[in-house]
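One structure below.
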Amino acid sequence: MTLDTQSLNKDRQDLSKLDEIWLFGYGSLIYKVDFRFIRSEKAHILGYERRFWQGSHDHRGIPEKPGRVLTLVEAEGVRCGGIAFQVSHDVFDHLDHREKNGYLRYETVLHLDSGREVKGLVYTADADNDAYLGEASIAELAHQIYECTGPSGPNREYVYDLAAALRANGEIDEHVFAIERALLVMENT
Ligand code: BEZ
């Protein structure tokens, strides 16, 4: 599949049919909120977990030396906590461009902390996209992240900013926190 998913996302959903448009953020959308939203609240989705398995050629790395960023992978019996944003359809021009490196918008059910269940959208990068890097050990992930930087800054800042945002929301994510710990050890040696 093409690396640039911007044009694919444009026609994926008919947003005009929705009474409310909700977007689930689980990664950079949690700590880099550079889009307008109507309201937000904590939420989770079921059956997926965060993994640093997607390559970043345009934000946290460069084509010759891609960094690592998040995607969601399916896993039974798990929940992934994040933030649900109620948005207007016009934010997607910006977000589809920002997340064009392999991410597609999918529909999913968001469980809002207020108790409501709403249909929403989530960006995920599947294993068949050209930027996908796949599974690696925590040590390998941390080494690659430590070494990489791109137009949006050092790859490690993505991990630190995300970990801080998750903690601020009361979310525990051992995958993210283990990479953060490994990076901090490298910073201090
Ligand atoms: C998110 O924070 O939801 C997100 C992560 C990676 C790509 C696009 C969105």
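Relative to the dominant Cα principal axis of the chain, helix 138-147 is inclined by about 80°. If the segment from SER16 to VAL78 were pulled out straight at 0.36 nm per residue, it would be longer than the present Cα-Cα gap by 19.2 nm. Against the chain, whose longest principal axis comes from its Cα atoms, helix 155-168 is set at around 50 degrees. Of the GluC sites (Glu not before Pro) found in the stretch 120-150, the ones in coil according to DSSP and having at most 14 other Cβ atoms within 10 Å of their Cβ are GLU135. Only helices enter this figure: runs of n ≥ 4 DSSP H residues, each worth -39500 (n - 2.57), summed and divided by the residues of the chain, yield -8000 deg cm²/dmol at 222 nm to the nearest 500. Based on alpha-carbon atoms, the Kirkwood radius and the radius of gyration of the stretch 6-187 give Rg/Rh equal to 0.95.
Here, each number is a calculation from the coordinates, and none is a lab measurement. Bear in mind the structure is a predicted one, so any value in this text is a computation, not a measurement. Note that we place each Cβ from the backbone using ideal geometry, even for glycine, and neighbour counts take in every protein chain shown.
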